[in-house]
Amino acid sequence: MTTPSTSGWEAGAPSALPRSILVTGASGGIGQAVSRAFGSAGVHVGIHYHHGKASAESVLRDIERAGGSGALYHADVRDAQSVEQMVSLFSRDSARPVTFVCATGVGPGQVLLKLRADEWNDVITTNLTGLFYCLRVMAPPLQVQHGGSIVVVGSYAGYQGSAGQAAYAASKAGVIGLVKTAALEWGPDNIRVNVIWPGWQRTRLAGDAFPCQEEWHDHALRRPPALNEVVRTVFHLVQVKDVSGQIWNCDSRPIVL
């Protein structure tokens, strides 16, 4: 397996893959795909999970069978101390330069008038407050290495809204503001923070809400994006050196600025 080049990670140098990456939500569909792809490219992968230990272990086995390396990290992103411990252990045990992909997310559906306060709080705490906890402990390791990348998995729902997904849409709208603010504050340290919108994917999160063939009328291409294209977008954003504070929409739905 070829070891990725790590020369020139600092500003003004050619793009390069990191030597290590921590993927939160790596037991979920998008997180699994991202983890396997970076592992197959020779990047050491930190595989985070909360409840999905079996899925995380499966991802690690796949990476190791392909000749790569990785490690499992259990954490509840809703708990600041748990997140801090995870990032600290990953940073201590992993070769630099490191990078981060934040793919944790929950989204149980309920119309606004029937949405309970505890359901709202769980989604907001996981998707938005959890990202806040992650970002603030991910920045220092990147500052030490004079820069790096954080890619956050957001959602088109945070821009457009989504009927029956009030808490999810609100949390993902908050993600946009949080990421853009982090990019502005950390830009002088050469830390890039970007959001991708992966579009509809056949994951546990989408569940039964995944549209049927006749329901793609709001997509110009009348189809969702392929998961491998989403992963390729993450690869691109991890490597480019002059892009930060941006939203990358992976499907063909319109964005009006």
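The numbers here are math on the coordinates, done by the rules we state, and not lab data. Keep in mind that this is a model prediction, so the values were computed, not measured. Here the Cβ is made from the backbone with ideal geometry for all residues, glycine too, and neighbour counts use every protein chain on show.
Descriptive notes on the structure:
- Taking each DSSP H run with n ≥ 4 as -39500 (n - 2.57) and averaging over every residue of the chain yields -12000 deg cm²/dmol at 222 nm.
- For the range 120-181, the fraction of alpha-carbon pairs lying more than 16 Å apart is 46 percent, rounded to a whole number.
- Cα-based reach from LYS241 at 19 Å (exclusive), listing lysines while leaving out same-chain residues under 8 positions away: LYS180
- From least to most packed, judged by other beta carbons within 10 angstrom and beginning with the fewest, LEU72, LEU184 follow the order LEU184, LEU72.
- In this structure, GLN110 and PHE132 have a Cβ-Cβ separation that, at R0 = 25 Å, corresponds to a calculated FRET efficiency of about 0.60.
- Label-point separation, HIS146 to VAL243 (7 Å along Cα→Cβ), nm: 2.4
- Distance between the modelled labels on SER69 and ALA117, one decimal in nanometres: 5.0 nm (7 Å Cα→Cβ projection).
- Listed by chain and number, the lysines placed with their C-alpha closer than 23 angstrom to that of LYS114 are LYS172; residues fewer than eight positions away on the same chain are left out.
- Here the calculated FRET efficiency for ARG92 and GLU229, from their Cβ-Cβ distance with R0 = 30 Å, stands at 0.30, rounded to the nearest 0.05.
- In degrees, nearest ten, helix 29-40 long axis to first principal axis of the chain (Cα): 20
- Rotationally averaged projected area of the chain (alpha carbon convex hull; nm²): 13.6
- For the peptides 40-49, 235-244, 128-137, residues were scored by their other Cβ atoms within 10 Å and the scores averaged per peptide; the highest-first order is 40-49, 128-137, 235-244.
- Counting beta carbons within 10 Å around each of TYR73, TYR159, TYR168 and listing the fewest first gives the order TYR159, TYR73, TYR168.
- What separates the Cα centres of the range 237-252 and the range 142-166 is a distance of 11 Å.
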